[in-house]
Amino acid sequence: MVFHPDLGYVEDGVDLTDADLYKSAAQPFGQATILPPFSYQSKIFSDLEDEKLWTRSWIAVGTTQQIPNPGDLLPFTVGRHGIHVQREENGDLVGRFNKAQHGGCRAIPLQCQTGKKTKCSFTSCGYSRDQHVIPVEEIGENTPTMHQYLGLIPERLLPIKVETLGPFIFVNLDQDSRSLLESIGTLPGTVDLSSIAQQNWQAEQWFECQSNWKLAGRAFFETENSSENLLIDEHSTANHYVLANTSAPELSKAQASDTDKSKIFWLFPNLLVISTFEYTFSVILQPTSMGESLLRVCMYDKKNSTTVEEKIPQPVQQYIETVLARAESYQQATDKLTCPGAPELTEEMIPLEKNIAGYVFQQYITKQIVAEHEYFWNAPLYRINPVA
């Protein structure tokens, strides 16, 4: 059955929307703990994130270069919701819920209610794994792909908001949301996403990570923990974090020389942009289960090369793999706190959050989780008045 949010988000008798659960994580930097372990492990918390975060925020889903031709279609599962963005004949982008929200099933199978995206012939149905971009040639007329995503009358599908910033495509499932720029606000002067659209798109590659998506994002900033990098008052409720002039040793492997400085930018919740001397690469975070995530990596060359590669260069792959290993170690450490045979968990046992980017991000997350709003669990899946 479909989760009914009016029943609450309760696990073992604990209401996961209770702000008191997150008080220790909201303390000043240096005193704050990491988020409670259930936020990286719990199916109920994953449902809560779907309701409070994924369906009410601007979510990065891809880049404009991935769907260059009219009819090209980019699938993406936002939380539990299968959506797609398609290039129209006039060049605009349109976003819709997929026609097959529950695949070819009359009801959602039990194996699809576990919180882990399943491998299924119905991709991006909201519970299954996504496939890559679908070129217009593969959609065709009266094909399974067309019926799965578009149906016979795409104009009847429930629309979603689509906006771009630089080369990045964002969607928002909340029809009452503010625009992307209003939601983001003013970004630091050191961040210019628009300029990336002028760089040469080179390659895309997906990486599987055996950790919660929040830990995967945090892992990109592990080597920079100095409080000098953060003005607490300015960023404590921010929707982004930027680390300029980093000299992380593993990142320098992806640069022209060890003396070059790089920049890492995290636009919450799920877009990271890493800029080095030679190129820029973006990382889109996507949860695939409570303890697993997918990193969609695209690379841009700052030089004049127009070559399109199947995979990103080896130095960048090695850097990403280093980050993945770090994120997985975070997940393992968190799991040990609540594994069978572990002592009963107390607040004193939860580690301090020593990572500044992680601290700023968890302030953002907890603000979303404890926010109160009206639920729309029974919203329609189709337009009441289709566009003519």
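A short reminder: the numbers here are calculations on the coordinates, not readings from a lab. A quick note: this is a predicted structure, and the numbers were derived from the prediction, not measured. Cβ: placed from backbone, ideal geometry, glycine included. Neighbour counts: every protein chain shown.
What the table below lists for this structure:
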| item | result |
| --- | --- |
| Candidate aspartates and glutamates - alpha carbon under 20 Å from residue 311, same-chain residues fewer than 8 apart omitted | 130, 204, 208, 250, 278, 301, 321 |
| Extension gain (nm, one decimal) between residue 332 and residue 311, 0.36 nm per residue minus Cα-Cα | 4.7 nm |
| All lysines inside 23 Å of residue 99 as judged from Cα atoms, apart from same-chain residues fewer than 8 positions distant | 116, 117, 119, 161 |
| Mean shadow area of region 111-162, taken as a quarter of the surface of its Cα convex hull (nm²) | 4.7 |
| Point-charge dipole on Cβ atoms (K/R +1, D/E -1) for the chain, about Cα centre, debye to 20 | 620 |
| Separation of the residue 345 and residue 163 label points, Cα + 7 Å toward Cβ, nm | 3.6 |
| Cα centroid separation, region 4-32 to region 124-146 (Å) | 38 |
| Hull volume in cubic angstrom per residue (convex hull over the Cα atoms of the chain) | 149 |
| Kirkwood Rh and Cα Rg combined as Rg/Rh, region 9-130 | 1.08 |
| Dipole axis of the chain (+1 Lys, Arg; -1 Asp, Glu on Cβ), positive-most option in 26, 317, 360 | 317 |
| 312, 59 arranged by Cβ crowding within 10 Å, fewest neighbours leading | 312, 59 |
| Nearest-0.05 FRET efficiency for residue 121 and residue 6, computed from C-beta distance (R0 35 Å) | 0.60 |
| Length-normalised contact order for the chain - Cα pairs under 8 Å, 6+ apart - percent | 21 |
| Region 48-109: relative contact order in percent, alpha carbon pairs under 8 Å with at least 6 residues between | 23 |
| Mean shadow area of region 20-75 over all directions, Cα convex hull, nm² | 6.3 |
| Charge dipole (debye, nearest 20) of region 59-176; +1 at Cβ of Lys and Arg, -1 at Cβ of Asp and Glu | 720 |
| Protection-proxy order for peptides 183-190, 145-152, each taking the mean of Cβ atoms within 10 Å per residue, highest first | 145-152, 183-190 |
| Between region 321-361 and region 199-224, the alpha-carbon center distance in angstrom | 18 |
| Exposure proxy ranking, count of Cβ atoms within 10 Å, fewest first, for 143, 64 | 143, 64 |
| Per-selection Kirkwood Rh - region 59-176 (Cα, Å, 1 d.p.) | 14.3 |
| Highest-fluctuation residue, 71, 358, 13 considered, GNM on the chain with Cα pairs under 10 Å | 13 |
| Amide H partners (placed H, <5 Å) of residue 11, local residues excluded | 16 |
| Cα-projected label distance for residue 31 with residue 277, points at 7 Å along beta-carbon direction, nm | 4.3 |
| Rough spin-label spacing in nm, given labels placed 7 Å along Cα→Cβ, for residue 186 and residue 325 | 4.2 |
| From phi via Karplus (6.51, -1.76, 1.60), per-residue ³J(HN,Hα) for region 53-60 in Hz, x at Gly/Pro | 10, 5, 8, 10, 10, 7, 10, 6 |
